[in-house]
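The structure appears right after this line, and notes come after that.
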Amino acid sequence: MTPIRKVIKENKSNNIPIWIMRQAGRYLPEFREIRKKNPDFIKLCLDSTISTEITLQPIRRYGFDAAIIFSDILMIPYGMGQKVEFKKDFGPQLGALNINDILKINEETFVKKLSPIYELIKNLKNNKDLNNRDIIGFVGAPWTLLVYMINKISPKNGLNNLFFKDEDLIEKILIVLDKFIKLHIKNQIKAGATVIQIFDSWAGLLSKDLERFIYKPTISLVEYVKSLNVPVVCFPRQIINYVDFCNVVNPDMISIDYNINPKYLLNKINIPIQGGLDPKVLLTNKENLKKETIKYLELFKNHPYVFNLGHGILPETNTDMVEELVNIVRSYK
């Protein structure tokens, strides 16, 4: 059985698996070489040959226990017909949101636009470098996608709070998102994904209305993934209460960010836990990296655990530090 599925199924981790969020990406020199020749990020995500190579780069270099596909959560609004582009040193920028046009998008059109992502997963499924490793497919959670679709830029670059005012628009988007996120999940699993992770990157924006925007929409997705007999991991980044989230949403595993005190969660969450280490620790030195990594390994030694970061690895991270991190986790007894 693949490592992450084993932790979830057996609810224990004798050997702690390791992978890291955004492991296929900007900190790797071999990725940067590809990126120089492929400036259009969306086109890059939709080139199944190159995206397969990118996904495999960190596996070949570090031997992680899982490959997370090289893609982006914003491929869903792209598939639904909203313009999506990535601007250098700024991030994503989405085009005008025409809900009437989006409501006209049919499933066949959506699947055709995103078909290279499913081809990527099929390529991975048959690749010898992934022998006994998980293939992690993923989606953005409805709340986070809603924020991007209406705000049109990342909230870290500014947030238009007025978007909460149009109740009719919000409800229509949430309904259509549920449909197309599930379609994207189904096709990733059909292609060979062994785990699905749901990224709610902007869950921390909310201090109220969690039932409406976080719990209810995410439960719908979690139950759907479970119905397809594939484990589902949730990452509601900076949510105000991880314990409540786990009790209400009930994913197979919860991924935690680096702002939460992991000790607080230890006896309150009975499902496997993933992640937690601050990516900035990888920017320090090997002595500090070992100290901070061992802290998580010790804390969760009697709790089912998958080692990961509490957010995506930073672009300026030195590859030697990642190698050291893998060695620390691998040698931990």
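All of the numbers you see were taken from the coordinates with simple rules; none came from a lab. This one's a predicted model, so the numbers in the text were calculated from it and none came from an experiment. For neighbour counting, all protein chains shown are included, and Cβ atoms are generated from backbone atoms with ideal geometry for every residue, glycine included.
Summarising the strand pairing of segment 76-220, around 50 percent of its internal DSSP beta bridges are antiparallel. Label point of ASN229 set 7 angstrom out along Cα-Cβ; within segment 243-278, amide nitrogens under 20 Å from it belong to 252-253. Note: relative contact order over the chain, using C-alpha pairs below 8 Å and six or more positions apart, is 21 percent.
Summarising the amide proton neighbourhood of THR284: residues at separation of 5 or more, or on other chains, whose placed amide H is nearer than 5 Å comprise an empty set. Modelled spin-label separation between SER220 and GLU33, with each label point placed 7 Å from Cα along the Cα-to-Cβ direction: 4.5 nm.
The distance between label points at ARG60 and ILE240 comes to 4.7 nm (points 7 Å beyond Cα on the Cα→Cβ vector).
Compared with the dominant Cα axis of the chain, that is its longest principal axis, helix 319-331 is turned about 60°.
If you wrap the tightest convex hull around every Cα atom of segment 32-108 and split its volume per residue, you get 118 Å³. With the highest mean first, a sort of the peptides 22-31, 196-205 on other beta-carbon atoms found within 10 angstrom per residue produces 196-205, 22-31.
Taking each DSSP H run with n ≥ 4 as -39500 (n - 2.57) and averaging over every residue of the chain yields -14000 deg cm²/dmol at 222 nm. Sequence-ordered 3J(HN,Hα) estimates for segment 63-80 from the Karplus curve with 6.51, -1.76 and 1.60 and θ = phi - 60° stand at x, 3, 7, 8, 10, 9, 4, 7, 7, 7, 5, 7, 5, 5, x, 4, x, 8 Hz, glycine and proline given as x.
If you bin all the Cα-Cα distances of segment 72-151 at 5 Å, starting from zero, the percentages per bin are 3, 13, 20, 21, 17, 12, 9, 4, 2.
Considering only GLY137, ASN127, VAL329, the residue lying farthest towards the positive end of the dipole of segment 3-331 is ASN127, judged by Cα position with unit charges set on Cβ. Highest mean first, the peptides 139-147, 85-93 sorted by other C-beta atoms within 10 Å per residue fall in the order 139-147, 85-93.
Annotation: extensible slack from LYS280 through ARG212 equals 21.2 nm (criterion: 0.36 nm per residue apart, minus Cα-Cα distance). Each DSSP beta bridge with both residues in the chain is either parallel or antiparallel, and the antiparallel ones are about 20%. Counting only alpha carbon atoms, the long axis of helix 167-191 and the longest principal axis of the chain meet at about 50°. Using a Gaussian network for the chain with springs between C-alpha atoms less than 10 Å apart, which of these wobbles most: GLU316, GLU167, GLU292? Maximum fluctuation in the GNM of the chain, among the listed residues, is at GLU167. Between the residues ILE99, ASN11, ASN261, the greatest Cα displacement towards the positive end of the dipole of the chain, with unit charges on the Cβ of Lys, Arg, Asp and Glu, is found for ASN11. Inter-label distance, LYS125 to ASN270: 3.5 nm, where each label sits 7 Å from its Cα along the C-beta direction. In order along segment 284-301, the phi-based Karplus estimate (6.51 cos²θ - 1.76 cosθ + 1.60, θ = phi - 60°) of 3J(HN,Hα) comes to 8, 9, 5, 5, 5, 4, 5, 4, 6, 5, 4, 4, 6, 5, 5, 4, 9, 5 Hz; Gly and Pro are listed as x. Volume of the convex hull of the chain (Cα atoms only), normalised per residue: 125 Å³. Estimated from the Cβ-Cβ distance and a Förster radius of 25 angstrom, the FRET efficiency linking LYS291 and LYS156 is about 0.30.
Taken as Cα centroids, segment 78-111 and segment 257-333 sit 35 Å apart, rounded to the nearest whole angstrom.
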